[in-house]
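The values are calculated or read from the model by the stated rules, or taken from the named source; none is laboratory data. It should be emphasised that the depicted structure is a prediction, and the values quoted were computed from it without experimental measurement. All Cβ positions, even for glycine, are placed from backbone atoms using ideal geometry, and neighbour counts span all protein chains on display. Note: accessible area is taken over every heavy atom of the protein model, side chains too, but ligands, DNA and RNA are not part of it. Shrake-Rupley method; radii C 1.70, N 1.55, O 1.52, S 1.80 Å.
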Amino acid sequence: MAFLEQHTDEYLLARLKGGDETAFTLLYRRRQGAIYRFILHMTGDLVVAEDVTQEVFLALLSGQAKYDESRGSLSGFLFGVARNKLLRRFGAQREVPVEEYAVDDDLLEDLLRRETVERVRRAVLSLPQVYREAVVLCDLEESSYEDAALALDCPVGTVRSRLNRGRAMLAQKLQPMAAVGVALGGK
Amino acid sequence: MNSDDRVLKALDALKHLDCELEAPPRVEAVLLETYRKRHSRRGILHGWFQGITIALLAAALVMAFALGRNSKAPTRPTIALQPAPATLPIEATPVLIEEAVIPQGTGRGGVQTSTRNPSAESVVRWVTGETKPIQPVIPSVRPQPREVVTDFFPLMDVAPPLGRGQILRVTVPASTMRSVGLPVREERLNDRVQADVLVGEEGMARAIRFVSFVQDF
(Lines give C-alpha, C1' and ligand atoms only; values in the text may rest on other atoms or scores of the structure.)
Protein backbone atom coordinates (compact mmCIF):
# COMPACT_ATOMS: atom_id res chain seq x y z
CA MET A 1 0.00 0.00 0.00
CA ALA A 2 2.86 2.37 0.82
CA PHE A 3 4.15 1.78 -2.68
CA LEU A 4 0.85 2.86 -4.21
CA GLU A 5 0.47 5.90 -2.01
CA GLN A 6 3.16 7.69 -3.99
CA HIS A 7 1.29 7.29 -7.26
CA THR A 8 -1.00 9.69 -9.03
CA ASP A 9 -4.76 9.47 -9.09
CA GLU A 10 -4.60 8.50 -12.74
CA TYR A 11 -2.29 5.59 -12.01
CA LEU A 12 -4.50 4.37 -9.20
CA LEU A 13 -7.54 4.67 -11.44
CA ALA A 14 -5.90 2.49 -14.07
CA ARG A 15 -4.99 -0.05 -11.40
CA LEU A 16 -8.44 -0.18 -9.91
CA LYS A 17 -9.96 -0.74 -13.33
CA GLY A 18 -7.72 -3.76 -13.58
CA GLY A 19 -9.10 -5.15 -10.34
CA ASP A 20 -6.62 -3.78 -7.82
CA GLU A 21 -8.69 -3.34 -4.69
CA THR A 22 -5.89 -1.62 -2.84
CA ALA A 23 -5.70 1.02 -5.55
CA PHE A 24 -9.42 1.58 -5.25
CA THR A 25 -9.23 1.95 -1.49
CA LEU A 26 -6.35 4.39 -1.72
CA LEU A 27 -8.00 6.50 -4.38
CA TYR A 28 -11.28 6.59 -2.52
CA ARG A 29 -9.63 7.58 0.76
CA ARG A 30 -7.58 10.20 -1.00
CA ARG A 31 -10.55 11.91 -2.68
CA GLN A 32 -13.70 11.13 -0.71
CA GLY A 33 -13.19 13.79 1.95
CA ALA A 34 -13.06 16.67 -0.52
CA ILE A 35 -16.05 15.36 -2.45
CA TYR A 36 -18.03 14.85 0.72
CA ARG A 37 -17.21 18.33 2.01
CA PHE A 38 -17.98 19.90 -1.35
CA ILE A 39 -21.44 18.39 -1.34
CA LEU A 40 -21.94 19.27 2.30
CA HIS A 41 -20.96 22.89 1.73
CA MET A 42 -23.19 23.02 -1.31
CA THR A 43 -26.24 21.53 0.39
CA GLY A 44 -25.70 21.77 4.13
CA ASP A 45 -27.15 18.27 4.31
CA LEU A 46 -25.14 15.44 5.84
CA VAL A 47 -27.39 12.72 4.41
CA VAL A 48 -27.23 14.15 0.91
CA ALA A 49 -23.46 14.51 1.24
CA GLU A 50 -23.16 10.83 2.12
CA ASP A 51 -25.51 9.67 -0.63
CA VAL A 52 -24.00 11.75 -3.37
CA THR A 53 -20.44 10.87 -2.38
CA GLN A 54 -21.38 7.23 -2.76
CA GLU A 55 -23.03 7.90 -6.10
CA VAL A 56 -19.98 9.72 -7.40
CA PHE A 57 -17.65 6.82 -6.71
CA LEU A 58 -20.16 4.27 -7.92
CA ALA A 59 -20.33 6.16 -11.20
CA LEU A 60 -16.56 6.00 -11.40
CA LEU A 61 -16.53 2.25 -10.70
CA SER A 62 -19.29 1.40 -13.13
CA GLY A 63 -17.79 3.43 -15.94
CA GLN A 64 -20.91 5.59 -16.05
CA ALA A 65 -18.62 8.54 -15.40
CA LYS A 66 -15.80 8.35 -17.91
CA TYR A 67 -12.69 10.23 -16.98
CA ASP A 68 -10.64 11.78 -19.75
CA GLU A 69 -7.15 12.53 -18.50
CA SER A 70 -6.56 15.06 -21.26
CA ARG A 71 -9.31 17.31 -19.92
CA GLY A 72 -7.88 17.79 -16.45
CA SER A 73 -7.26 16.18 -13.10
CA LEU A 74 -9.30 13.36 -11.64
CA SER A 75 -10.04 15.59 -8.66
CA GLY A 76 -11.69 18.21 -10.86
CA PHE A 77 -13.53 15.50 -12.72
CA LEU A 78 -14.95 14.01 -9.52
CA PHE A 79 -16.10 17.46 -8.36
CA GLY A 80 -17.84 17.80 -11.70
CA VAL A 81 -19.57 14.45 -11.31
CA ALA A 82 -20.70 15.46 -7.83
CA ARG A 83 -21.98 18.80 -9.11
CA ASN A 84 -23.93 17.13 -11.91
CA LYS A 85 -25.50 14.72 -9.49
CA LEU A 86 -26.53 17.60 -7.25
CA LEU A 87 -28.01 19.51 -10.16
CA ARG A 88 -29.90 16.42 -11.25
CA ARG A 89 -31.18 15.93 -7.74
CA PHE A 90 -32.21 19.43 -6.86
CA GLY A 91 -32.02 21.54 -10.00
CA ALA A 92 -30.07 24.76 -10.27
CA GLN A 93 -32.46 26.94 -8.30
CA ARG A 94 -32.93 24.78 -5.29
CA GLU A 95 -33.57 26.52 -2.01
CA VAL A 96 -30.82 25.28 0.23
CA PRO A 97 -31.96 24.29 3.71
CA VAL A 98 -29.71 25.67 6.36
CA GLU A 99 -29.17 23.29 9.22
CA GLU A 100 -27.28 23.73 12.40
CA TYR A 101 -24.47 21.35 13.29
CA ALA A 102 -24.29 19.85 16.71
CA VAL A 103 -21.62 21.42 18.85
CA ASP A 104 -20.21 19.13 21.50
CA ASP A 105 -17.62 21.43 22.98
CA ASP A 106 -18.34 23.18 26.22
CA LEU A 107 -15.61 25.73 26.06
CA LEU A 108 -17.07 29.21 25.69
CA GLU A 109 -14.35 30.40 23.39
CA ASP A 110 -14.73 27.44 21.16
CA LEU A 111 -18.50 27.84 21.20
CA LEU A 112 -18.20 31.41 20.15
CA ARG A 113 -15.79 30.49 17.43
CA ARG A 114 -17.98 27.66 16.22
CA GLU A 115 -21.03 29.84 16.29
CA THR A 116 -19.23 32.39 14.20
CA VAL A 117 -18.08 29.72 11.79
CA GLU A 118 -21.61 28.41 11.53
CA ARG A 119 -22.71 31.85 10.50
CA VAL A 120 -20.06 31.75 7.78
CA ARG A 121 -21.35 28.36 6.74
CA ARG A 122 -24.87 29.69 6.50
CA ALA A 123 -23.65 32.67 4.53
CA VAL A 124 -21.93 30.36 2.05
CA LEU A 125 -25.03 28.22 1.78
CA SER A 126 -27.13 31.25 1.04
CA LEU A 127 -25.03 32.26 -1.96
CA PRO A 128 -26.52 31.65 -5.39
CA GLN A 129 -25.42 28.28 -6.70
CA VAL A 130 -22.90 29.43 -9.31
CA TYR A 131 -21.07 31.66 -6.81
CA ARG A 132 -21.31 29.08 -4.05
CA GLU A 133 -19.68 26.48 -6.30
CA ALA A 134 -16.77 28.73 -7.03
CA VAL A 135 -16.26 29.74 -3.38
CA VAL A 136 -16.55 26.19 -2.08
CA LEU A 137 -14.20 24.73 -4.69
CA CYS A 138 -11.55 27.45 -4.71
CA ASP A 139 -11.62 28.76 -1.16
CA LEU A 140 -12.81 25.84 0.94
CA GLU A 141 -11.37 22.92 -1.04
CA GLU A 142 -8.40 24.84 -2.42
CA SER A 143 -8.95 23.55 -5.94
CA SER A 144 -6.97 25.16 -8.70
CA TYR A 145 -8.87 27.38 -11.13
CA GLU A 146 -8.31 24.75 -13.78
CA ASP A 147 -9.84 21.98 -11.69
CA ALA A 148 -12.73 24.23 -10.77
CA ALA A 149 -13.26 25.08 -14.43
CA LEU A 150 -13.35 21.37 -15.27
CA ALA A 151 -15.80 20.69 -12.46
CA LEU A 152 -18.05 23.61 -13.31
CA ASP A 153 -17.74 23.08 -17.04
CA CYS A 154 -16.83 26.66 -17.74
CA PRO A 155 -13.72 28.67 -18.67
CA VAL A 156 -11.14 29.58 -16.04
CA GLY A 157 -11.99 33.26 -16.45
CA THR A 158 -15.58 32.53 -15.51
CA VAL A 159 -14.41 30.74 -12.39
CA ARG A 160 -12.36 33.77 -11.39
CA SER A 161 -15.21 36.20 -11.93
CA ARG A 162 -17.69 33.99 -10.09
CA LEU A 163 -15.25 33.63 -7.23
CA ASN A 164 -14.78 37.38 -6.95
CA ARG A 165 -18.49 37.98 -7.09
CA GLY A 166 -19.12 35.26 -4.52
CA ARG A 167 -16.58 36.72 -2.12
CA ALA A 168 -18.10 40.16 -2.52
CA MET A 169 -21.54 38.81 -1.70
CA LEU A 170 -20.13 36.99 1.31
CA ALA A 171 -18.52 40.20 2.53
CA GLN A 172 -21.90 41.88 2.52
CA LYS A 173 -23.53 39.03 4.35
CA LEU A 174 -20.80 38.87 6.94
CA GLN A 175 -20.56 42.60 7.67
CA PRO A 176 -22.38 42.32 10.98
CA MET A 177 -19.75 39.81 11.96
CA ALA A 178 -17.01 42.37 11.95
CA ALA A 179 -17.82 42.92 15.56
CA VAL A 180 -17.00 39.33 16.34
CA GLY A 181 -13.82 39.33 14.34
CA VAL A 182 -11.95 38.31 17.45
CA ALA A 183 -13.67 34.97 17.31
CA LEU A 184 -12.22 34.45 13.85
CA GLY A 185 -8.78 35.50 14.93
CA GLY A 186 -8.94 38.97 13.41
CA LYS A 187 -7.67 41.94 15.34
CA MET B 1 -8.57 44.41 7.96
CA ASN B 2 -10.65 45.09 4.83
CA SER B 3 -13.77 43.21 3.83
CA ASP B 4 -11.93 40.83 1.49
CA ASP B 5 -9.54 39.86 4.24
CA ARG B 6 -12.42 39.30 6.62
CA VAL B 7 -14.17 37.05 4.13
CA LEU B 8 -11.04 35.03 3.47
CA LYS B 9 -10.44 34.78 7.21
CA ALA B 10 -14.01 33.61 7.77
CA LEU B 11 -13.75 31.03 4.98
CA ASP B 12 -10.44 29.88 6.36
CA ALA B 13 -12.03 29.31 9.75
CA LEU B 14 -14.81 27.26 8.14
CA LYS B 15 -12.29 25.30 6.14
CA HIS B 16 -10.26 24.44 9.22
CA LEU B 17 -13.30 23.44 11.18
CA ASP B 18 -14.51 21.10 8.46
CA CYS B 19 -11.21 19.82 7.19
CA GLU B 20 -11.59 16.57 9.10
CA LEU B 21 -15.05 15.86 7.76
CA GLU B 22 -15.26 12.72 5.69
CA ALA B 23 -17.87 10.38 4.38
CA PRO B 24 -18.90 7.78 6.99
CA PRO B 25 -17.05 4.43 6.81
CA ARG B 26 -20.21 2.69 5.65
CA VAL B 27 -19.88 4.47 2.30
CA GLU B 28 -16.47 2.91 1.78
CA ALA B 29 -17.83 -0.48 2.83
CA VAL B 30 -20.66 -0.29 0.30
CA LEU B 31 -18.34 0.81 -2.47
CA LEU B 32 -15.81 -1.87 -1.67
CA GLU B 33 -18.48 -4.54 -1.74
CA THR B 34 -19.72 -3.27 -5.08
CA TYR B 35 -16.19 -3.19 -6.42
CA ARG B 36 -15.53 -6.78 -5.32
CA LYS B 37 -18.75 -8.01 -6.89
CA ARG B 38 -18.01 -6.34 -10.18
CA HIS B 39 -14.49 -7.67 -10.35
CA SER B 40 -15.35 -11.16 -9.21
CA ARG B 41 -17.87 -11.37 -12.09
CA ARG B 42 -15.32 -9.94 -14.44
CA GLY B 43 -12.77 -12.37 -13.06
CA ILE B 44 -14.98 -15.35 -13.84
CA LEU B 45 -15.59 -14.12 -17.37
CA HIS B 46 -11.94 -13.35 -17.74
CA GLY B 47 -11.07 -16.83 -16.52
CA TRP B 48 -13.39 -18.45 -19.06
CA PHE B 49 -12.01 -16.33 -21.84
CA GLN B 50 -8.45 -17.06 -20.80
CA GLY B 51 -9.13 -20.78 -20.59
CA ILE B 52 -10.67 -20.89 -24.04
CA THR B 53 -7.85 -18.82 -25.46
CA ILE B 54 -5.21 -21.08 -23.96
CA ALA B 55 -7.01 -24.17 -25.22
CA LEU B 56 -7.29 -22.72 -28.72
CA LEU B 57 -3.66 -21.68 -28.73
CA ALA B 58 -2.56 -25.09 -27.52
CA ALA B 59 -4.67 -26.79 -30.18
CA ALA B 60 -3.28 -24.50 -32.86
CA LEU B 61 0.28 -25.15 -31.74
CA VAL B 62 -0.11 -28.92 -31.71
CA MET B 63 -1.87 -28.88 -35.08
CA ALA B 64 0.86 -26.72 -36.55
CA PHE B 65 3.43 -29.10 -35.15
CA ALA B 66 1.60 -32.11 -36.54
CA LEU B 67 1.22 -30.48 -39.96
CA GLY B 68 4.87 -29.53 -39.91
CA ARG B 69 5.83 -33.10 -39.23
CA ASN B 70 3.71 -34.36 -42.10
CA SER B 71 4.64 -31.75 -44.64
CA LYS B 72 8.32 -31.29 -43.97
CA ALA B 73 10.42 -33.93 -45.58
CA PRO B 74 12.73 -35.40 -43.01
CA THR B 75 16.30 -35.23 -44.11
CA ARG B 76 17.67 -37.96 -41.94
CA PRO B 77 18.01 -40.85 -44.42
CA THR B 78 18.89 -39.95 -47.96
CA ILE B 79 18.76 -43.29 -49.63
CA ALA B 80 18.49 -43.27 -53.36
CA LEU B 81 16.16 -45.98 -54.47
CA GLN B 82 17.15 -47.92 -57.51
CA PRO B 83 14.47 -48.26 -60.18
CA ALA B 84 12.35 -51.13 -59.04
CA PRO B 85 10.44 -53.49 -61.27
CA ALA B 86 7.26 -52.38 -59.66
CA THR B 87 7.14 -48.62 -60.05
CA LEU B 88 5.96 -46.85 -56.91
CA PRO B 89 4.69 -43.29 -57.17
CA ILE B 90 6.46 -42.22 -54.02
CA GLU B 91 5.56 -38.64 -53.14
CA ALA B 92 7.80 -37.88 -50.24
CA THR B 93 11.36 -38.44 -49.38
CA PRO B 94 11.44 -41.85 -47.81
CA VAL B 95 12.36 -42.20 -44.20
CA LEU B 96 14.43 -45.05 -42.96
CA ILE B 97 12.36 -46.91 -40.42
CA GLU B 98 14.54 -49.82 -39.53
CA GLU B 99 17.09 -52.23 -40.76
CA ALA B 100 15.31 -55.43 -41.65
CA VAL B 101 16.64 -58.95 -41.58
CA ILE B 102 14.41 -61.04 -43.74
CA PRO B 103 14.19 -64.78 -43.21
CA GLN B 104 14.93 -66.79 -46.31
CA GLY B 105 12.20 -68.48 -48.33
CA THR B 106 9.14 -66.90 -46.87
CA GLY B 107 6.59 -66.08 -49.48
CA ARG B 108 7.30 -64.49 -52.79
CA GLY B 109 10.49 -62.53 -52.77
CA GLY B 110 11.19 -63.74 -49.30
CA VAL B 111 8.43 -61.71 -47.73
CA GLN B 112 5.51 -62.93 -45.68
CA THR B 113 2.25 -62.24 -47.40
CA SER B 114 -0.29 -63.13 -44.80
CA THR B 115 -3.26 -60.76 -44.63
CA ARG B 116 -4.89 -62.33 -41.64
CA ASN B 117 -3.39 -59.73 -39.37
CA PRO B 118 -6.32 -57.81 -37.85
CA SER B 119 -4.31 -54.60 -38.08
CA ALA B 120 -3.95 -55.09 -41.78
CA GLU B 121 -7.64 -55.72 -42.10
CA SER B 122 -8.43 -52.48 -40.35
CA VAL B 123 -6.41 -50.55 -42.90
CA VAL B 124 -8.12 -52.34 -45.74
CA ARG B 125 -11.53 -51.66 -44.24
CA TRP B 126 -10.73 -47.98 -44.02
CA VAL B 127 -9.57 -47.76 -47.62
CA THR B 128 -12.51 -49.72 -48.90
CA GLY B 129 -14.93 -47.61 -46.96
CA GLU B 130 -16.34 -50.39 -44.88
CA THR B 131 -15.87 -48.46 -41.73
CA LYS B 132 -15.84 -44.83 -40.79
CA PRO B 133 -12.77 -43.02 -42.05
CA ILE B 134 -10.20 -42.26 -39.45
CA GLN B 135 -10.86 -38.84 -38.03
CA PRO B 136 -8.05 -36.32 -37.90
CA VAL B 137 -6.30 -36.62 -34.61
CA ILE B 138 -7.14 -33.67 -32.41
CA PRO B 139 -4.08 -32.76 -30.44
CA SER B 140 -4.71 -32.96 -26.77
CA VAL B 141 -3.59 -34.87 -23.77
CA ARG B 142 -4.77 -38.09 -25.38
CA PRO B 143 -2.15 -40.76 -26.03
CA GLN B 144 -0.34 -40.68 -29.33
CA PRO B 145 -2.07 -42.51 -32.19
CA ARG B 146 -1.06 -46.13 -32.50
CA GLU B 147 0.45 -47.19 -35.76
CA VAL B 148 -1.29 -50.03 -37.62
CA VAL B 149 0.36 -51.75 -40.56
CA THR B 150 -0.59 -54.37 -43.09
CA ASP B 151 1.65 -57.26 -43.85
CA PHE B 152 4.21 -56.80 -46.59
CA PHE B 153 3.08 -57.28 -50.17
CA PRO B 154 5.78 -58.36 -52.60
CA LEU B 155 6.63 -56.05 -55.45
CA MET B 156 8.73 -58.51 -57.42
CA ASP B 157 7.50 -61.76 -58.90
CA VAL B 158 10.91 -63.25 -58.90
CA ALA B 159 13.54 -61.79 -56.67
CA PRO B 160 16.88 -62.95 -55.44
CA PRO B 161 16.97 -64.08 -51.86
CA LEU B 162 16.96 -61.22 -49.44
CA GLY B 163 19.45 -61.23 -46.62
CA ARG B 164 19.48 -57.66 -45.40
CA GLY B 165 17.48 -54.64 -46.33
CA GLN B 166 16.03 -51.38 -45.19
CA ILE B 167 12.50 -50.27 -44.55
CA LEU B 168 11.70 -46.79 -45.79
CA ARG B 169 8.61 -44.78 -44.80
CA VAL B 170 7.07 -43.12 -47.88
CA THR B 171 3.80 -41.47 -48.88
CA VAL B 172 2.04 -42.98 -51.86
CA PRO B 173 -1.36 -42.67 -53.51
CA ALA B 174 -3.99 -45.07 -52.30
CA SER B 175 -4.05 -46.49 -55.82
CA THR B 176 -0.79 -48.23 -54.91
CA MET B 177 -2.81 -50.42 -52.60
CA ARG B 178 -4.92 -51.52 -55.54
CA SER B 179 -1.75 -52.42 -57.46
CA VAL B 180 -0.92 -55.02 -54.84
CA GLY B 181 -4.41 -56.42 -54.86
CA LEU B 182 -6.06 -54.50 -52.03
CA PRO B 183 -9.53 -53.13 -52.73
CA VAL B 184 -9.73 -49.33 -52.86
CA ARG B 185 -12.82 -47.29 -53.61
CA GLU B 186 -12.64 -45.17 -56.72
CA GLU B 187 -13.07 -41.90 -54.90
CA ARG B 188 -10.20 -42.72 -52.61
CA LEU B 189 -7.68 -43.59 -55.29
CA ASN B 190 -6.02 -40.21 -55.06
CA ASP B 191 -5.86 -40.17 -51.27
CA ARG B 192 -2.42 -40.21 -49.78
CA VAL B 193 -1.41 -43.10 -47.58
CA GLN B 194 1.78 -43.88 -45.82
CA ALA B 195 3.66 -47.02 -46.64
CA ASP B 196 6.83 -48.81 -45.66
CA VAL B 197 8.94 -50.02 -48.55
CA LEU B 198 11.36 -52.83 -48.01
CA VAL B 199 14.51 -52.17 -50.02
CA GLY B 200 17.04 -54.89 -50.55
CA GLU B 201 20.79 -54.49 -50.34
CA GLU B 202 20.93 -54.09 -54.08
CA GLY B 203 18.63 -51.08 -53.84
CA MET B 204 15.52 -52.66 -55.26
CA ALA B 205 12.11 -52.28 -53.71
CA ARG B 206 11.13 -55.75 -52.63
CA ALA B 207 7.86 -55.28 -50.81
CA ILE B 208 5.48 -52.74 -49.44
CA ARG B 209 3.15 -52.50 -46.49
CA PHE B 210 0.62 -49.81 -45.72
CA VAL B 211 0.40 -47.80 -42.58
CA SER B 212 -2.49 -46.23 -40.77
CA PHE B 213 -2.94 -44.68 -37.34
CA VAL B 214 -5.50 -45.57 -34.79
CA GLN B 215 -6.36 -43.42 -31.80
CA ASP B 216 -6.76 -45.36 -28.59
CA PHE B 217 -9.15 -43.94 -26.05
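Quick notes on this structure:
- Ratio Rg/Rh, restricted to segment B:145-209 and using Cα atoms, in which Rh is the Kirkwood radius: 1.00
- Per-residue average of Cβ from other chains inside 10 Å of A:138-148: 2
- Counting, for every residue in A:21-30, the Cβ atoms of other protein chains within 10 Å of its Cβ and taking the mean gives 2.
- Probing with 1.4 Å while keeping every protein chain in the model, the per residue accessible area of segment B:150-205 equals 43 Å².
- Residues whose placed amide H lies under 5 Å from that of B:Phe213, excluding near-sequence neighbours: B:Val148
- Here the peptides A:58-64, A:167-173 are ranked by packing, the mean other Cβ count within 10 Å, and the order with the highest first is A:167-173, A:58-64.
- Most to least packed among A:114-126, A:8-20 [average Cβ atoms within 10 Å]: A:114-126, A:8-20
- Alpha-carbon Rg with Dmax, taken over segment A:119-171, Å: 10.1, 31
- Within 10 Å of the Cβ of each residue in A:34-46, the mean number of Cβ atoms contributed by other protein chains is 2.
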